[in-house]
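Trainee: Have a look at this one before I ask anything.
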Amino acid sequence: MSKTGRCFTCHKVIALDKSLFDHGPETEKAKQLDLSSRLSTCSIFTGAVRFDSSEVFSSVQFDSANSGLDSYMTVMARLLDIIASDSTAAEHPLCQSCADRLMDCLDQNLLRAEEECREYRRILDKLETADEQLSTSRLENELINLQQEEDSLKEELAYVEQLGKDIDMQIEKEQENVELIIEREKELWRTYRDYRRKVLDLDLEIQGTKNHLSHSTILLNKLIRSNVFDLTFHIWHSGQFGTINGFRLGHLPNHNVDWSEVNAALGQTVLLLYSLLKKVGLDLKGYQLVPFGSYSYIRSLRDGKELRLFTEGGAKFTWHPKFDQAIVAFVDCLHQLEEHIRLRVGGDYNLPYRMQDDKIEDGGIDYSVKTHLNSEERWTKAMKCMLTNLKWALAWVASLG
């Protein structure tokens, strides 16, 4: 029964010859004659298939005198050692096709090795012939030239080495300069960063200033176009009442206006007329306005009396003689301002409601500014007309710029 294995290269199943495993005494005698006839003078060479000049070849000699089982086993052991040796080109076992390819490869390697040997032999023969032709003097001259060239190269090498050292020193100096330049560059960048930040801050500040200036200019133009007196002293009306800065100037039966509010309104009218007179530079004849809030009064320059333009009359509308004198004096002061405006204009200038002594005319009807023998409705109407005249005077003074 034959045993099987696998080819190491292609892994194909192969049958191993039983003679490789049959070493009995019956077979030894039959093999003796065959071995003695075929291997009497055989030399088996082992070694690497790659033919290299460093490889060593070994030979196993068989003699016909060595026969029997010991001789056969020795040969087989040696063959197996050769096959399993690390110096062989292929692993075993191999199939027939792989073995044929291996043999072809070995034959090609052998041919190349033989060709290389022949080439080496030709070169060696040529060198041996050339050596014989060279003369001693020529060799000496060549030696001298080579020595001179060697000295020259040594000098050049020394010069190059010194030059290299000088260059290295120069490189070190330049490297130090480069480091200084880099540090200086960093410092300059830091300085630039600080200045750039300051520039940005200044730009923001300038932009903020421009915005503030623009806003201030708008407000200034608005103020220039605005009537300061009109903004400060807002004269309007609320039903039958004339008002100044929200204070009602008048008294009606069905509208209980306290005299403290009337006093406050009269204080605002005195302050307004005082400001208008000061604006136009007019000095009153016979009177001097003294604005003092709800307790304002008019000083008579004829006798030095203080004509109080306020009263403590409570909620009822009653006669107040001193108050009547003061309100008549106030109408006279307003009439003097009207005359001054007429002179300044140079024409026929009149306030909306004609004023004469204690009377103010509206639609041909005279309304007295006194409380004596007067009704609340008519007195309130007179106060409303007086405030309207004061508003017109304010508008003319404001037009002067």
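The values are calculated or read from the model by the stated rules, or taken from the named source; none is laboratory data. Note that the structure is predicted; figures quoted are calculated from it, not measured. With ideal geometry, Cβ positions are generated from the backbone for all residues, glycine too; neighbour counts draw on all protein chains shown.
Trainee: How many residues are in contact with a helix residue (DSSP H, G or I) (Cβ under 7 Å, 6 or more places away or on another chain) and among the aliphatic types (A, V, I, L, M) if we restrict to the range 90-128?
Mentor: Adding up the residues that qualify gives 2.
Trainee: Which one is nearest to residue 240 (Cα to Cα) among residues in the range 375-401 that are touching a helix residue (DSSP H, G or I) at 6+ places or on another chain (Cβ under 8 Å) and modelled with pLDDT under 90?
Mentor: 395
Trainee: Now for a separate question. Given 248, 302, which one is assigned to a strand (DSSP E or B) and not acidic (Asp, Glu)?
Mentor: Of 248, 302, the one residue that is assigned to a strand (DSSP E or B) and not acidic (Asp, Glu) is 248.
Trainee: Also: Would you mind telling me which numbered condition in (1) farther than 21 Å from residue 232 by Cβ; (2) assigned to a helix (DSSP H, G or I); (3) of a type in the set (D, E, K, R) residue 391 fails?
Mentor: Tallying (1) farther than 21 Å from residue 232 by Cβ; (2) assigned to a helix (DSSP H, G or I); (3) of a type in the set (D, E, K, R), residue 391 fails exactly one: (1).
Trainee: Of (1) in a helix (DSSP H, G or I); (2) modelled with pLDDT of 90 or more, residue 236 satisfies all except one. Which?
Mentor: So residue 236 meets the others, but not (1).
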